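Scroll down for the structure; my scribbles are underneath it.
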Amino acid sequence: MEEEAQHYLNLARQLTETSSHGKAFDFYNVALNKNPNLKDEIEVEFRNALMRFNEVLARAGRMEDIFANFGKAIDVYPSNSNLLNDIGGYLYKFGFYTEAWAHFQKALKIDPRSVHAEKNLNSIKNLLLERWHFRMLNDVIRNEAYYNALIESVIPFKDSVLDIGTGTGILAMFATDCSATAVTGIEASEHMAWMAECVTQGNNKHDIVIVNKMSTTMNYRDIGGKRSLIVSELFDAGLLGEHILQTLAHAWEYFTIPNSQVIPNKAEFFIIPAKSEYLDKKYRLTPDVRKWLQITHDVHLLTEDESYDCEDVSLLKDLKYMSEPQSLFKVDFNDYRDIQEMLSRSEPYTVELTVKEDGVINFFIGWFNLYLTKHITLTTNPKSEVRANAWQQAVFYDKIPVTVKKNQVIDAEFLINGGKLTMVNDCTTPILRISQETMRFLNDMENVKMISGCIGMASVYLGQMTDMSHINIVDLSPFPVFGLLMLKRGVQSLFCYARMDCDKKFFKKVFKAHNLPLHKIHILVGETWGSEVFSHERFHAVYYNILDMCGDIDLRLKDILNDINNNHVFRGSLIMPAKINLIVQVVNSEWLNINNRVYDKNVKNYRVAEYINKYEVTQNFSMDFSLLEYSAVTDKFCMGSIRTDTKLQVVTLPVMKDGPANAIISWYSIEVMDGIERISTNRPGCFMDGTLYLIHPKSPIVAGSSLRILRCTDPDGSFKLMLENETPN
């Protein structure tokens with residue numbers, strides 16, 4: 001039997017090499033039938049054959065066959081966490097989210113150290129429940145204001161209430177406390193509508209009816225009759241961005257009786273000009289960088305459909321307001337004509353602002369007041385100590401900075417396009433657009449200076465290999481700073497990588513400004529290319545960046561780098577950075593508690609946490625630690641290289657002080673060449689953010705004790721951090 005099994009195994013391997021994945025998978029199954037003892041030996045190649053075959057079936061739309069194959073595989077490997085994760089991945093891909101969740105969770109129970117299973121589980125949680133729900137539900141100021149507004153407005157046993165965009169159903173439950181005769185919640189998201197059902201029924205609010213539809217596709221018959229009170233919180237940082245105007249216009253026409261009312265009654269939007277170096281680096285190339293690149297045009301972030309961004313501007317330490325705020329517009333949600341006039345308005349809203357001091361205005365900050373009733377107001381004013389934190393502030397950034405003098409009066413114009421607020425940009429000069437990755441990489445001048453500082457040493461090293469005119473370089477950074485500087489020293493060729501077409505155009509403009517011949521430069525664009533593009537190339541120097549802007553490892557670029565290092569470099573080639581080490585620290589942050597868990601005390605003691613906290617994730621990416629308020633529980637510690645250390649690692653960190661701890665934060669230390677000063681990615685203005693891993697210690701943390709941190713690494717190099725003996729959610 002063993003010889004026969006080996007025969008079929010050899011056939012399976014031969015068929016795999018010829019890409020006959022279906023037949024190969026069949027023969028792997030035959031081999032395992034003949035000799036089950038092969039299971040451990042061939043697990044990886046069996047799974048690879050299965051996944052390749054399923055990729056073929058997926059392209060043909062043969063879903064039933066895919067899951068039939070997974071069924072065969074599970075029969076052979078019933079407790080294999082990798083296989084369960086693979087199945088979950090396909091279920092996720094085809095929209096079977098509940099089933100995918102169950103498979104990822106089961107994979108983690110079998111192997112709590114699985115990196116991909118945990119990332120996939122977090123991903124599906126983020127998809128099903130957007131993170132802002134935690135922040136909004138924990139906003140006591142907002143919750144109390146809406147509750148009191150409903151108490152003040154609802155006439156008991158007379159008024160009927162319609163909650164549009166009910167979310168988890170909190171406002172609908174508030175309405176039932178006011179003895180409304182009927183309460184209906186409308187929710188467009190299928191999953192959130194289900195969540196609202198769970199929360200309301202779990203709190204014995206059995207009279208609340210949840211309807212899973214877009215409100216603008218319905219009329220009063222769909223909800224069992226017209227309503228006398230509409231309540232909604234369909235607001236974003238820019239007030240109108242969630243289509244509140246269209247929603248309420250439709251509601252007045254199709255859901256209301258005469259003399260109905262809306263909560264909020266009214267709203268007002270305010271504008272204030274500001275300056276901030278932190279924000280400036282986020283949205284446009286700074287003058288110093290443009291001067292260094294020899295680019296005369298303004299270079300802004302590539303914008304898509306968004307006319308503003310959302311920021312917690314109260315956290316920005318360098319933000320300075322350049323005038324007093326001015327009211328841009330008011331809207332009466334209880335006046336149908338006022339809503340319609342705003343929707344049809346073609347003229348811009350204009351404000352005049354008197355500058356308080358000499359300086360530069362590079363942004364306009366927007367915030368709003370919600371006048372829930374005549375007596376109850378919510379504000380998102382970042383300077384207010386009683387602001388609602390459920391919403392951030394709008395940052396209108398796509399405008400060329402303006403130098404101003406004290407007491408100068410300036411105008412700002414805003415349009416409502418499609419029900420959303422947009423700033424009128426009166427600039428007539430051309431603006432170049434680049435991706436966020438390229439923008440942040442170039443604006444990180446500390447990183448650029450570090451790269452520039454190694455050029456002399458790199459030239460000496462490479463000059464010992466061959467003449468500079470024969471040197472070939474590949475630079476896989478968001479902008480090829482190293483490649484540009486080496487081209488100026490006369491190297492033969494450069495391969496580089498542009499995230500988007502706009503980046504490629506920008507690269508070419510910079511190269512031309514430096515009088516560099518474009519025939520020496522090969523620019524790869526997008527994310528569909530692989531290491532096969534280097535099939536006939538060999539390089540003397542490689543500058544890489546496998547750090548994703550969000551704080552994670554870019555596994556695709558990591559694989560490409562490994563292939564370049566193994567197959568496309570000369571002996572003794574220069575690989576940079578020389579070291580990228582992972583740095584970790586255990587901390588405690590109240591911000592993390594509010595933004596990742598719901599506390600029933602914040603929602604008037606309704607039972608919400610048990611339903612919502614199932615969606616708590618264990619990892620937060622895109623964390624700017626310079627803006628995160630936290631206290632260190634341990635000192636920082638290096639957990640080795642992210643390129644070469646692939647096995648499980650354990651470090652023991654002494655606890656510095658008593659108290660809680662809720663996260664392990666992580667960042668990187670970069671050393672371009674041996675002997676060159678290192679820089680940390682944990683600093684303001686860095687080209688990448690940090691990552692944190694939420695923890696739930698099961699015993700008090702006491703000064704003098706210690707915490708053991710595990711760095712779990714999957715075979716592809718992806719990793720996660722966790723406390724020893726911690727069980728993932």
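Here are the numbers for this structure:
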| read-out | value |
| --- | --- |
| Selection from region 656-667 of residues that are of a type in the set (A, V, I, L, M, F, W, C) and touching a residue at least 60 places away in the same chain (Cβ under 8 Å) | ALA661, ALA663, ILE664, ILE665, TRP667 |
| Residues of region 496-515 that turn out to be under 29 Å from the mean Cα position of the chain (by Cα) and under 21 Å from ILE471 (Cβ atoms), as a count | 3 |
| Those helices (runs of 4 or more DSSP H) lying entirely in region 226-307 with at least 1 residues crowded, with 17+ Cβ neighbours inside 10 Å and in contact with a His (Cβ under 9 Å, 6 or more places away or on another chain) | 277-283, 287-293 |
| Residue in region 683-693 that is surrounded by fewer than 21 Cβ atoms within 10 Å (Cβ to Cβ), assigned to a strand (DSSP E or B), in contact with a Lys or Arg (Cβ under 9 Å, 6 or more places away or on another chain) and not hydroxyl-bearing (Ser, Thr, Tyr) present | no |
| Among (1) within 17 Å of GLU277 (Cα to Cα); (2) surrounded by 14 or more Cβ atoms within 10 Å (Cβ to Cβ); (3) at pLDDT below 95, the one test that LEU319 misses | (3) |
| Considering residues of region 470-495 that are assigned to a loop (DSSP other than H, G, I, E, B) and within 16 Å of PHE506 (Cβ to Cβ) only, the residue farthest from the chain's Cα centre (by Cα) | PRO480 |
| Filter result (hydroxyl-bearing (Ser, Thr, Tyr), within 14 Å of PRO264 (Cα to Cα) and surrounded by fewer than 20 Cβ atoms within 10 Å (Cβ to Cβ)) within region 366-391 | THR373, THR377 |
| Failed item in (1) modelled with pLDDT under 95; (2) assigned to a helix (DSSP H, G or I), with ILE124 passing the rest | (1) |
| Single unsatisfied condition, TYR606 versus (1) under 24 Å from the mean Cα position of the chain (by Cα); (2) buried (at least 19 other Cβ atoms within 10 Å of the Cβ); (3) over 18 Å from THR713 (Cα atoms) | (1) |
| Inter-residue pairs, beta-carbon under 6 Å, first free of Cβ contacts under 8 Å to residues at least 40 places away in the same chain and under 14 Å from ASP163 (Cβ atoms) and in region 186-200, second surrounded by fewer than 22 Cβ atoms within 10 Å (Cβ to Cβ) and β-branched (Val, Ile, Thr), 6+ apart | ILE186/VAL211 |
| Within region 101-118, tally of residues that are within 30 Å of GLY165 (Cβ to Cβ) and either over 21 Å from the mean Cα position of the chain (by Cα) or surrounded by fewer than 22 Cβ atoms within 10 Å (Cβ to Cβ) (or both) | 3 |
| Single residue of region 324-336 satisfying the filter (without any contact (Cβ under 8 Å) to a residue 60 or more places away in the chain and in a loop (DSSP other than H, G, I, E, B)) that is farthest from PRO684 (Cα to Cα) | ASP335 |
| Test: residue in region 662-672 that is assigned to a loop (DSSP other than H, G, I, E, B) and surrounded by fewer than 18 Cβ atoms within 10 Å (Cβ to Cβ) | no |
| Within region 371-469, helices (runs of 4 or more DSSP H) holding 3 or more residues that are polar (S, T, N, Q) and under 28 Å from GLY238 (Cα atoms) | 436-443 |
| Failed criterion for ARG113 (all others in (1) charged (D, E, K, R); (2) part of a helix (DSSP H, G or I); (3) touching a residue at least 40 places away in the same chain (Cβ under 8 Å) hold) | (2) |
| Some residue of region 336-359 being at positive phi and assigned by TED's automatic domain parsing to the domain that holds LYS406 | yes |
| Residues (out of contact with any helix residue (DSSP H, G or I) (no Cβ under 8 Å at 6 or more places or on another chain) and either buried (at least 19 other Cβ atoms within 10 Å of the Cβ) or not in a helix (DSSP H, G or I) (or both)) located in region 498-524 | MET500, PHE507, ASN515, PRO517, HIS522 |
| Test: residue in region 170-193 that is under 26 Å from GLY88 (Cβ atoms) and small (Gly, Ala, Ser) | yes |
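Residues are listed down the side, and each one gets a yes or a no for (1) farther than 20 Å from SER589 by Cα; (2) modelled with pLDDT under 90:
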position: ARG643; (1), (2): yes, yes
position: VAL655; (1), (2): no, no
position: PRO684; (1), (2): no, no
position: SER699; (1), (2): no, yes
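Matching residues to (1) surrounded by fewer than 15 Cβ atoms within 10 Å (Cβ to Cβ); (2) within 17 Å of LEU279 (Cα to Cα):
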residue	(1), (2)
GLN393	no, yes
LYS399	no, yes
GLN408	no, no
THR422	no, no
SER435	no, yes
MET445	no, yes
ASP467	yes, no
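The values are calculated or read from the model by the stated rules, or taken from the named source; none is laboratory data. No experiment lies behind these values; they were computed from the predicted model shown. Please note: Cβ atoms are built from the backbone with ideal geometry, for glycine as well, and neighbour counts cover all protein chains shown.
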